[in-house]
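Heads up, the thing below is written out as structure tokens.
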Amino acid sequence: MATHHNHSHDDGHTHDHDHDHGALDLIESESSAAVSAGSEYAPSTWEGFREYVPVIISLVLLLGGILLDNYADWFRDPWRFLWYLVAYWPVGWPVLRRAGRQIAKGDVFTEFFLMGVATIGAFAIREYPEGVAVMLFYTVGELFQDAAVMRARRSIKALLDVRPDTVTVLRDGKAVPTKAAQVKIGEVIQIKPGEKVGLDGKMQSETGSFDTAALTGESVPRTIKKGEDVLAGMINRQTLAEMEVTTLYQNSKLSRILKLVQEATGRKAKTQEFIARFAKIYTPLICALAVLITVVPYFFVADYRFQDWLYRGLVFLVIGCPCALVISIPLGYFGGIGAGSRQGILFKGSVFLDLITQVKTVVMDKTGTLTQGVFKVQDVQVQGVSVEELTRLTAALESKSTHPVATAILAYAGTGEPLLPAENVEEIPGHGLKGTVDGKTVLAGNAKLLRKFNIPFDESLTAIPFTVVMVAVEGQFAGYFTIADQEKDDAAETVKQLHRMGLKTVMLSGDKATVVQAVAQNVGVDEAVGDLLPEDKIREVERLKQALSANPKQKLAFVGDGVNDAPVVALADVGIAMGGLGSDATIETADVVIQTDQPSKIATAIKIGKATRQIVWQNITLSLVVKAIVLLLGAGGVATMWEAVFADVGVALLAILNAVRVQNLKF
């Protein structure tokens, strides 16, 4: 409920939250130690209870004072004044001190200033109980808001719990517990059953079953084989496993996701920025109007009583306080980010929650987004060489690539015998590989590669509706591998959901057109283009953006996972990365990261954006309408300080409750 809000404790420690400037910063500086240790940042029970002590003291004294006002004849000034001053002090002093600090910084018109002037004014005209009540309910609202912020923060901070602080390193045959931050690349760590993995690495044991729910939201355990990636945050389900560390603690995929989460609230939505600017104009305006309400009637009203009109001006000040707007709007967006993180969707800022609601065209990469990206060799045809010879030569060349197609050929070749040495290997983007294996020049790639080197082949092969890796040895066509990829289980359902939302779906791929069209038909996208080089994808996205340019409110989203998708993800209005298996460059560039690798989460992300926007606008409407009505009543002398308290604190509480609701919605 505050624009600039700190909690001061008796021990002299002060925690400042600056609600205007990153109000709901996910990770505060004072919790950085907890963050680095991977522990949940939560105050102790006493620490939490101590926040409420000033409120309880003030409430008891206020209620006691009201009883004495009604039933004790002796309860008059100066005793009455002193009693209410003591009741006011526990809740009033922190607010007055904050107002003083802000004035010292040159920021006069904060809500602390409004509250301070209104309550001191109430004391000046001997409306002591009302002065105490305004400050008391204001502080209750602050505590309520803090609880809501902590709840939203916890749902995101649950990520921090998935990073263990220590790991077991194998050194000279001994298991040595070591701080995760001190482990070097290349060291081997041991993961016991039930233990969380502390670092990224490659599996050394033959096989293992890992729970990936913390990273992907996926409850089904994943089987990881020797040589495959194991990520920090996964939990070993069964047998003792060993892995070789490939990434330092601070560079692990989970650490980077945490960093992105921490930066998420820095990027504010336009609505949020507008409200912050609005409050800066609105608050001085309310102060000026309160002064005019007090002074101007002197010239027009016959029986003008300064005390009555000062009371009206003070009521106007309390009603006018912009608390509900200033906190509930960021809290609504914050709740949206929290709701997303529980679904395995990371929004890198509230601005993207807004932008995703305006998406009209969803462009998707094929491999790894709509298809599993797990290729298998279906067929091998040879010309002039044996299948074994072709497989050995191609596997040697493909061992220098990380492309899923290369992985499929290596898996097909098996690991029975060592690979032949491959030299001078160069990757020709969008074409394939060229290199020297066993003294022979070998080319492996698509039809474009063979055409580039003027190698004749049967052109009818380009009609095969699967990925075909053609191989040439010493300038002669030697055969081809047919490789197929499977669509993801929810790919077709995703496209249906997007169509139900009235969105256009487009699939772009570097794969050959026949494969792309076959997948497009199965999943039901509106438009599909294949045979694209990375620069062609950029051109296609620019063309689709141009089609939307007539209406600036219509945006384009691109969903991808590969390194070659990073430029297009950056170019889209909303870049979405498949984060579980996606490339680091794409995850860094994207605005939204889907950690579960499920395309259906694209529709979920749009639903979360729309629900958040709806709640934010409900809060803006509620706050402005109620305030406008009560401001008119206050200026007319109909509303008292008690109605003013409802208009300010009551509306703020309702708005906070509404903002928290987004976290409990089912998507």
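Annotations for the structure displayed:
- In region 461-532, the trypsin sites (Lys or Arg not before Pro) that fall in loop regions by DSSP, at most 10 other Cβ within 10 Å: none
- Accessible area in the full protein assembly, largest first, 1.4 Å probe, for ASP73, ASP379, ASP354: ASP73, ASP379, ASP354
- With all protein chains in place and ligands, DNA and RNA left out, the 1.4 Å accessible area ranks TYR71, TYR298 as TYR71, TYR298, largest first.
- Computed with a 1.4 Å probe over protein heavy atoms only, the accessible area of PHE299 comes to about 150 Å².
- Accessible-area ranking of GLU474, GLU398, largest first, probe 1.4 Å: GLU474, GLU398
- Taking amide H atoms as placed 1.01 Å from N in the peptide plane, the amide H of THR371 lies under 5 Å from those of LYS488, each 5 or more residues away in sequence or on another chain.
- Residues in region 622-667 average 45 Å² of solvent-accessible surface per residue, probe 1.4 Å, ligands and nucleic acids excluded.
- To put it simply, the accessible area of region 419-574 at a 1.4 Å probe is 50 percent carbon and sulfur.
- Here's the picture: a label point sits 7 Å out from the Cα of GLU388 along the beta-carbon direction, and within region 397-418 the residues with their amide nitrogen under 19 Å of it are 397, 410-418.
- For LEU498, solvent-accessible area (1.4 Å; no DNA, RNA or ligand), Å²: 0
- For the peptides 175-186, 458-469, the ranking by mean Cβ contacts within 10 Å, running from highest to lowest, is 458-469, 175-186.
- Carbon/sulfur fraction of accessible area - region 98-141, other protein chains in place, 1.4 Å, %: 63
- Taking all protein chains into account, the per residue accessible area for region 291-401 stands at 35 Å² (1.4 Å probe).
- Per-residue SASA remark: HIS403, around 90 Å² accessible (1.4 Å probe; ligands, DNA and RNA not included).
- Phi-based couplings in Hz for region 476-490 (Karplus 6.51, -1.76, 1.60; Gly and Pro marked x): 10, 5, 10, x, 8, 10, 9, 10, 10, 10, 9, 5, 5, 3, 9
- Amide H within-cut-off set for GLN378, under 5 Å, with H built and near neighbours excluded: THR482, ILE483, ALA484
- Share of carbon and sulfur in the accessible heavy-atom surface of region 280-342 [1.4 Å probe, %]: 71
- Amide H within-cut-off set for VAL176, under 5 Å, with H built and near neighbours excluded: VAL169, LEU170, ARG171
The values are calculated or read from the model by the stated rules, or taken from the named source; none is laboratory data. Note that the structure is a prediction, hence the values are computed from the model and not measured. When we count neighbours, we look across all protein chains shown, and the Cβ atoms used for this are built from the backbone with ideal geometry, even at glycine. Only protein heavy atoms, including side chains, enter the accessible area calculation; ligands, DNA and RNA are left aside. Shrake-Rupley method; radii C 1.70, N 1.55, O 1.52, S 1.80 Å.
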